[in-house]
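Each remark here refers to the structure printed beneath this line.
Throughout, read-outs are computed from the coordinates displayed, never taken from laboratory work. Since the model is a prediction, treat every value here as computed from it, not as a measurement. Backbone-built Cβ (ideal geometry, glycine too); neighbour counts: all protein chains shown.
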Amino acid sequence: MEQIMNVIKQMIRISQAEIDHLLDLCYTTNFERNAILSQPDVIPHEIFFINQGIVRVVVTDSEGTDHTIHFALENQFIADYSSFIQIKPALYTLQTLAPTQVVVMPRKAIEWGYLHLQEGQKLGRLIAEFYFIYQDNRIKNLYARTPKQRYDSITDVFPNIHNRAPQHMIASYLGITPVHLSRLKKTDFRKD
């Protein structure tokens, strides 16, 4: 629980007793590769903090095609936040891409934080703000930048992603075909 404790302490002012109680309401669990943490049409009741591993966020269109819309790495919180906050069925699938260890923050931990921590609402708000800003930037990048620009900047957002996620998922995230991704990589390789 040390990783999540350090991240929370960077986000808000919190006493050791408060953080100890908050983390007593949470638990650590391990998932194998391709495990589903959250799925569509089910109300999510937890937020996950990634200690180790990688999670992709997927939306499936009406034709059954999966679209990768986000990757989450170590020391990040991940959930279908909108559905979590509104207590509505999820739209996204959260899937591990490697063996992954997470700290599960159940709804009761989040609610306890809101009620008992001086900055409890701030923690929830900061997590939601981070995800909102990420999604806003993602939309801007998808429509305002070329595929080459998106490819060139992906490792800034997701370090070492090319070694951690299959290329077809990276292509999906970038909004291009795997063939186009292969061309971009060849062009990039020729520069070196």
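At-a-glance table
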item: FRET E, pair GLN16, GLU111, Förster distance 25 Å, beta-carbon r, rounded to 0.05; result: 0.75
item: Partner lysines for LYS186 [C-alpha distance under 29 Å; skip if fewer than 8 residues away on the same chain]; result: LYS140, LYS148
item: Computed FRET value (nearest 0.05) for PHE132 with SER182, which takes r as the C-beta separation and R₀ as 45 Å; result: 0.85
item: Shape metrics for the range 71-170, restricted to C-alpha atoms - Rg then Dmax, Å; result: 15.8, 48
item: Length gained when the stretch LYS9-HIS45 is fully extended (0.36 nm per residue, less Cα-Cα span); result: 10.6 nm
item: Rounded to whole Å, sorted largest first: equivalent-ellipsoid semi-axes of the chain, Cα gyration tensor; result: 32, 18, 16
item: Spin-label model distance (nm) - GLN101 vs THR155, 7 Å beyond Cα toward Cβ; result: 2.7 nm
item: Computed Rg/Rh of the range 1-41, alpha carbon atoms with Kirkwood Rh; result: 1.11
item: All Cα pairs of the range 1-92, percent lying beyond 17 Å; result: 57 percent
item: Label point distance in nm, THR65-GLN167, each placed 7 Å from Cα along Cα→Cβ; result: 2.0 nm
item: Span-like helix ranges in the chain, DSSP H, alpha carbon extent 24 angstrom or more, Kyte mean at least -1.0; result: 120-144
